[in-house]
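To start, the structure under review is shown below, and the notes come after it.
The values are calculated or read from the model by the stated rules, or taken from the named source; none is laboratory data. In this text the structure is predicted, and so the values were computed from the model without any measurement. Positions of Cβ are backbone-derived with ideal geometry, glycine not excepted, and every protein chain shown enters the neighbour counts. Each accessible area value is taken on the protein alone, full model and side chains, heavy atoms only, with ligands, DNA and RNA left out. Shrake-Rupley method; radii C 1.70, N 1.55, O 1.52, S 1.80 Å.
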Amino acid sequence: GRRDEATSLTAGMRAEIAALERARERRQGDRPAPRVLLSIGHQAGSLANVTTVSDSTFLGEALRLAGGDNIFGDLTQRYPQISKESLIMRQPEIVLEVAPSYEPNPDPAHVAQLRADWEGLPSVPAVRRGRVHIMSEPYLLLPGPRLPQVVRRFFEALYPDEAP
């Protein structure tokens with residue numbers, strides 16, 4: 001019973017995503033999209049049980065819209081757990097670790113632990129180049145009207161100097 005509001009909301013969402021897509025196209029040009037691991041969790045203190053996403057999830061779609069090449073996008077399981085060996089083989093250039101904090105400010109010790117866990121894989125380009133991003137915003141895991149915010153947050157991590 002709120003058709004006008006829904007129409008306005010979806011139009012705004014589409015416009016924001018389209019602006020990000022244009023910015024991505026300007027940034028990328030003829031270059032390939034950066035190879036990205038999108039982690040939605042792992043066992044703190046190690047990189048055991050890293051859970052990622054395939055392209056068939058809303059997070060996989062958000063990553064594509066932001067201009068990233070999901071290194072595990074080809075998997076058929078939507079939320080697979082992957083091994084450290086597969087991470088090393090696929091050589092992500094950027095790691096996006098989505099670790100929501102449901103507190104106003106994420107626990108700095110927890111964020112530091114997550115970052116330290118990744119430092120244990122120095123053979124991964126993202127680690128060597130300091131391109132591991134710990135993202136604590138709770139909305140990142142919730143499909144819905146905040147999708148443009150998710151795409152924008154991913155875009156800002158992939159292309160830090162290019163956000164529209």
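Do we find that Asn70 is among the polar types (S, T, N, Q), open to solvent by 20 Å² or more (accessible area, probe 1.4 Å) and under 21 Å from Glu156 (Cβ atoms) in this structure? Criteria not met by Asn70. For region 71-80, check the following and say yes or no: at least one residue is basic (Lys, Arg) and either in contact with a strand residue (DSSP E or B) (Cβ under 8 Å, 6 or more places away or on another chain) or part of a helix (DSSP H, G or I) (or both). Within region 71-80, none of the residues are basic (Lys, Arg) and either in contact with a strand residue (DSSP E or B) (Cβ under 8 Å, 6 or more places away or on another chain) or part of a helix (DSSP H, G or I) (or both).
What is the residue count in region 90-134 for residues that are in contact with a helix residue (DSSP H, G or I) (Cβ under 9 Å, 6 or more places away or on another chain), open to solvent by less than 60 Å² (accessible area, probe 1.4 Å), part of a helix (DSSP H, G or I) and farther than 18 Å from Ala66 by Cβ? Of the residues in region 90-134, 2 are in contact with a helix residue (DSSP H, G or I) (Cβ under 9 Å, 6 or more places away or on another chain), open to solvent by less than 60 Å² (accessible area, probe 1.4 Å), part of a helix (DSSP H, G or I) and farther than 18 Å from Ala66 by Cβ. Are any residues in region 73-89 open to solvent by less than 30 Å² (accessible area, probe 1.4 Å) and over 24 Å from Tyr159 (Cβ atoms), and if so, which ones? Selection gives Pro80, Ile82, Ser86. Across region 115-131, the number of residues qualifying as of a type in the set (A, V, I, L, M) and farther than 9 Å from Glu93 by Cα comes to 2.
Which residues, taken from region 1-57, are β-branched (Val, Ile, Thr), within 19 Å of the chain's Cα centre (by Cα) and either surrounded by fewer than 11 Cβ atoms within 10 Å (Cβ to Cβ) or in a helix (DSSP H, G or I) (or both)? Listed by number, the list holds a single entry, Ile17. Taken together, the criteria place Arg153 among residues that are open to solvent by less than 60 Å² (accessible area, probe 1.4 Å) and part of a helix (DSSP H, G or I). Picking from Arg64, Arg146, which residue would you name as being basic (Lys, Arg), more than 14 Å from the chain's Cα centre (by Cα), surrounded by 14 or more Cβ atoms within 10 Å (Cβ to Cβ) and closer than 30 Å to Gly12 by Cβ? Only one candidate qualifies: Arg146.
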